[in-house]
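What follows is calculated from the coordinates using simple rules that are stated; it is not laboratory data. Please read all numbers here as calculations on a predicted model, not as lab measurements. Note: ideal-geometry Cβ built from the backbone for every residue, glycine included; neighbour counts use all protein chains shown.
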Amino acid sequence: MKPVTPVLSNGSGWERTSVPHRRRVVMAHGGGGQLTAELIEGIIRPRLSNPLLDTLDDAAVFDVPAGRMAFTTDSYVVQPLFFPGGDIGRLAVCGTVNDLAVCGATPRYLSVGLILEEGLELDVLRRVVDSMAEAAAEAGVRIVTGDTKVVARGQADRLYVQSSGVGILRPDADLGVHRIVPGDRVLVSGTVADHGLAVMLQRENAFGMESGLRSDVAPLAGLVSELLDACANDVVFLRDATRGGLAGVLADLADITGYRLTIDETCIPIRPGTAYAAEMLGLDPLDVANEGKFVAVVRAGAADAALRALRSHPLGSLASEIGSVGGTRDGMCEMVTVVGGRRVIQKPYGEELPRIC
Amino acid sequence: MSAAHELHVQRSRTAMAHQASCLDRLANDIGRPVQFMEICGTHTVNACRSGVHSLMPGSVRLVSGPGCPVCVTAQRYIDALVDLGRRPSIVIATYGDMLRVAGAGGSLEVARSEGADVRVVTSSLEALDIARRHPEREVVFAAVGFETTAPATAAAILAARREGVRNFTVLAQHKRVLPAMIALLADSSVRIDGFLCPGHVAVIIGSTAFLGIVESFRTPCAISGFTAAQIMDGILNLAEQVACGRADLVNRYVEAVTDAGNRIAQALMHEVFEPGDACWRALGEIPDSGLDIRDAYRDFDAFDRHRVTPGADREPPGCRCAEVITGRCIPSDCPLFGRACTPVYPVGPCMVSSEGSCQAFFRYRRHEFRRNPDERRHTEPIVPAAATTPAKEGAPA
């Protein structure tokens with residue numbers, strides 16, 4: 001058989017798309033030359049376009065109001081890249097937005113770093129960047145600067161995303177574990193464990209299970225501002241329950257404050273399908289990651305108002321009060337189980353779980 | 001929370017509270033401390049996770065038996081497995097729990113970080129699949145577990161023979177539950193007032209397999225399911241038997257367990273394996289308690305094919321796992337528990353395995369022992385009542 005040489009000259013569409021580097025990432029896409037420009041101008045900039053990004057300067061320059069800012073960063077290596085309910089692009093935007101939001105900041109600007117493995121289908125990249133644009137619009141943030149690198153085949157698993165973000169702190173929010181006192185109530189903004197289990201079941205369909213589970217990945221800035229608008233003074237602590245799940249956050253709270261937390265298992269919202277999947281895989285749903293849920297600690301008197309505010313937002317419609325902070329100083333988080341038994345909730349240990357974020 | 005859900009919760013809490021008060025009454029009637037033993041790791045975990053222990057009176061104790069496959073695997077097997085994994089052409093396929101158990105030469109996890117090819121699988125057939133996809137590599141499946149996993153291993157060996165997959169072998173260390181239960185009963189230093197029999201194993205071997213224990217040793221047996229209510233129900237049944245001086249076999253898991261068990265699984269097991277002596281961590285050598293690969297399938301025996309000779313066992317100093325899985329002590333009695341030995345830095349196998357008694361205890365019951373050391377429940381050792389000599393013979397086949 002004769003080797004097939006790509007034909008570049010006749011200008012018709014068919015030959016253009018059949019050139020390998022037009023369908024897949026090649027090393028030269030990261031070389032800073034014409035192919036890099038093609039990648040940025042052809043795929044990334046049109047999808048994320050905004051005045052700050054469009055200058056393509058080395059750094060985005062913008063004004064900020066007087067006050068305090070929040071700044072965060074995170075890396076995303078989830079496998080598979082696409083899962084029910086989301087993908088790595090949406091995850092990267094939401095994860096960074098949520099870290100800012102739970103600090104009491106209004107997220108404003110994001111950066112995105114893409115590490116592409118040689119051979120990655122450009123269509124995959126298009127879908128991921130589309131999804132970033134959509135999530136950014138949903139969250140009310142702009143992606144204003146970015147970077148792209150290509151590594152040789154085998155040196156990365158298709159696509160990694162790194163994102164950082166800045167937000168402007170709300171002057172009325174004062175959040176921190178130091179404000180937690182006995183009597184405070186613990187709320188969770190919705191059902192737990194959906195993200196981790198949806199990703200695990202999707203991964204190469206490793207367990208041969210069909211499931212209707214969907215990741216909860218979503219930007220929480222709107223939900224947080226709904227809550228803070230309703231009772232900013234009485235909200236004393238927020239944390240998104242990502243890796244380590246609800247258990248990780250609750251155990252941390254007990255440990256850091258030194259108070260006893262008592263949680264009622266029956267009040268923790270969980271979808272039946274999620275609970276079932278966790279049971280099948282031998283996982284405790286409280287240990288499983290979420291990407292669209294947070295834990296709030298509020299003053300007892302404001303618990304009802306806080307719940308009303310959360311439930312008025314589509315992302316918080318299943319919010320629930322799950323427990324309270326007690327006066328005992330042993331730093332334990334105790335849970336009254338569905339059957340009325342008592343057990344302790346501890347930080348999970350980082351077991352043999354697939355990459356979920 | 002919906003009204004229906006609230007009603008359901010209320011009912012299950014009321015039902016459980018009722019069962020707990022019945023158990024209280026029975027404990028009073030019995031008038032002495034009693035110790036029941038569960039033999040299945042899933043029972044261990046679910047009892048701890050749902051807080052069943054916190055609902056039991058102080059004089060009734062539920063301890064863990066040798067039912068976690070990782071916990072009873074002799075250290076020499078781990079050593080052999082890790083040594084094998086370090087050979088260049090070998091791929092080790094293993095269940096996840098085995099990864100972190102350390103032998104004298106480290107764990108599979110350590111070997112993997114140093115370049116060994118170790119892959120976690122969820123079934124024996126997944127291991128066989130790796131062999132099919134990589135004909136140039138020698139795939140060794142680390143086959144541990146009881147009658148629950150042995151039929152699956154047998155199925156993989158049969159499929160490998162049928163398809164002529166030559167690069168697949170099994171480092172088998174399957175065990176049978178019954179001989180271990182009998183060995184425990186025959187040991188006068190262990191006090192067991194009743195067995196919460198392993199539900200999953202019973203599905204395979206059938207409920208009547210446990211009859212011998214009841215008849216020869218006059219020890220009550222209850223086969224139980226795995227929800228908190230089912231576990232409590234099993235305990236309640238055992239307490240009732242003790243209170244009335246009865247020793248029966250009661251199947252409380254009829255939705256899954258039949259008298260005869262799963263005959264297809266039994267036939268698979270019988271085709272490939274034959275009973276042989278096996279070495280248990282904590283219990284030592286027990287006759288006929290293992291499953292050896294029959295001569296007809298020696299081609300698939302990794303011990304044979306790769307000339308593996310297990311060395312000697314050496315327990316980590318200070319570790320009391322052996323006493324934990326024989327009901328002689330509970331995890332918090334061990335001086336290493338929660339200090340030198342935690343799930344992150346496990347010393348003994350019971351802390352490594354997610355079904356291990358020590359890990360379940362640490363994860364879900366630690367508060368009972370940290371709050372106030374003087375308030376401890378269940379810490380008095382329960383020793384055998386005035387030298388009751390168990391019947392000597394009567395091991396069922």
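For chain B, compute Rh as the Kirkwood radius over C-alpha pairs and then the Stokes-Einstein diffusion coefficient at 37 °C and 0.692 mPa s; write the answer in µm²/s, rounded to an integer.
Stokes-Einstein gives a translational diffusion coefficient of 150 µm²/s.
Under unit Cβ charges (Lys, Arg +1; Asp, Glu -1), what dipole magnitude, rounded to 20 debye, does segment B:53-121 have relative to its Cα centre?
Here the size comes out at about 100 debye.
Of the beta bridges DSSP finds with both residues in chain A, what % are antiparallel, to the nearest 5?
Percent antiparallel among DSSP bridges in chain A is about 75.
Go ahead and set up a Gaussian network model of chain A, Cα springs under 10 Å, then flag whichever of A:Leu120, A:Leu246, A:Leu227 fluctuates most.
So, out of A:Leu120, A:Leu246, A:Leu227, the one fluctuating most is A:Leu120.
From the phi angles alone, apply the Karplus equation (6.51, -1.76, 1.60; θ = phi - 60°) to segment A:156-171 and give each ³J(HN,Hα) in whole Hz, x where the residue is Gly or Pro.
Each residue of segment A:156-171 in turn: 8, 9, 6, 7, 10, 10, 10, 9, 10, x, 10, x, 9, 5, 5, x Hz.
Within segment A:160-194, name every residue whose backbone N is under 20 Å away from a label modeled 7 Å from Cα of A:Arg68 along the Cβ vector.
Under cut-off, by backbone N: A:165-181.
Looking at chain B as a GNM with Cα springs under 10 Å, which of B:Gly284, B:Gly164, B:Gly199 has the largest mean-square fluctuation?
Greatest mean-square fluctuation among the candidates belongs to B:Gly164.
Sort B:Ile325, A:Ile345, A:Ile270 so that the residue with the fewest other Cβ atoms within 10 Å of its own Cβ comes first and the one with the most comes last.
A:Ile270, A:Ile345, B:Ile325
What is the distance in Å between the Cα centres of segment B:254-269 and segment B:36-63?
26 Å
Picking from A:Ile143, A:Leu81, A:Leu169, whose Cα lies most toward the positive end of the charge dipole for segment A:51-170 (charges on Cβ: Lys, Arg +1; Asp, Glu -1)?
Going by the charge dipole, the pick is A:Leu169.
Can you give the direction-averaged projected area of the convex hull of the alpha-carbon atoms in segment A:23-169, in nm²?
For the Cα atoms of segment A:23-169, the hull's average projected area reads 8.5 nm².
Which angle between 0 and 90 degrees, to the nearest 10, do you get for helix A:122-139 versus the longest principal axis of chain A when only C-alpha atoms count?
40 degrees
Given 0.36 nm per residue, what is the gain on full extension from A:Asp330 to A:Arg126 after removing their alpha carbon distance, in nm?
68.3 nm
Once every DSSP H run of n ≥ 4 in chain A is given -39500 (n - 2.57) and the sum is divided by its residues, what mean residue ellipticity at 222 nm do you get, rounded to the nearest 500 deg cm²/dmol? Show your work: numbers first, answer last.
On the way: 12 runs with 108 residues, N = 357.
Rounded to the nearest 500, the figure is -8500 deg cm²/dmol.
For each of A:Asp87, A:Asp54, count neighbouring Cβ atoms within 10 Å of the residue's Cβ, then give the residues from fewest to most.
A:Asp54, A:Asp87
Report the Cα-based extents of chain A along its three principal axes, largest first, to the nearest Å.
78, 53, 31
With labels modelled as points extended 7 Å from the Cα through the Cβ direction, what inter-label distance (nm, one decimal) is found for B:Arg137 paired with A:Val177?
4.2 nm
Find the centroid of the Cα atoms in segment A:89-119 and in segment B:153-202, then give the distance between the two in whole Å.
49 Å
Set Lys and Arg Cβ to +1 and Asp and Glu Cβ to -1, take the dipole of segment B:30-316 about its Cα centre, and tell me which of B:Ile30, B:Phe146, B:Asn251 lies farthest positive.
Farthest towards the positive pole: B:Phe146.
Using only Cα atoms and rounding to the nearest 10 degrees, what angle (0 to 90) does helix B:75-85 make with the longest principal axis of chain B?
With rounding to tens, the tilt is 30 degrees.
Obtain the nm distance between the two label points defined at A:Gln155 and A:Ser75 by a simple spin-label model: each point lies 7 Å from its Cα along the Cα-to-C-beta direction.
Label at A:Gln155, label at A:Ser75, 1.4 nm between them.
If you take every DSSP beta bridge whose two residues both sit in the protein assembly as shown, what share of them, in percent to the nearest 5, is antiparallel?
Working: 51 of 95 bridges.
The antiparallel proportion sits near 55 percent.
What's the magnitude of the charge dipole for segment A:23-169 around its Cα centre, counting Lys and Arg as +1 and Asp and Glu as -1 at the beta-carbon? Answer in Debye, nearest 20.
120 debye
Hey, could you grab the Kirkwood Rh for the protein assembly as shown? Inverse mean 1/r over distinct alpha carbon pairs, Å, one decimal.
28.7 Å
Mind checking the angle between helix A:245-257 and chain A's longest principal axis? C-alpha axes, 0 to 90 degrees, to the nearest 10.
Once rounded, the angle reads 50 degrees.
Where the only charges are on Cβ atoms (+1 Lys, Arg; -1 Asp, Glu), what is the dipole of the protein assembly as shown about its Cα centre, to the nearest 20 debye?
On the way: 76 positive and 88 negative charges, 56 e Å.
For the protein assembly as shown, the charge dipole is close to 260 debye.
Identify the trypsin sites (Lys or Arg not before Pro) of segment A:264-357 meeting these criteria: DSSP loop state and at most 11 other C-beta atoms within 10 Å of the C-beta.
Here the trypsin sites (Lys or Arg not before Pro) that fit, given the DSSP loop and packing criteria, are A:Arg329.
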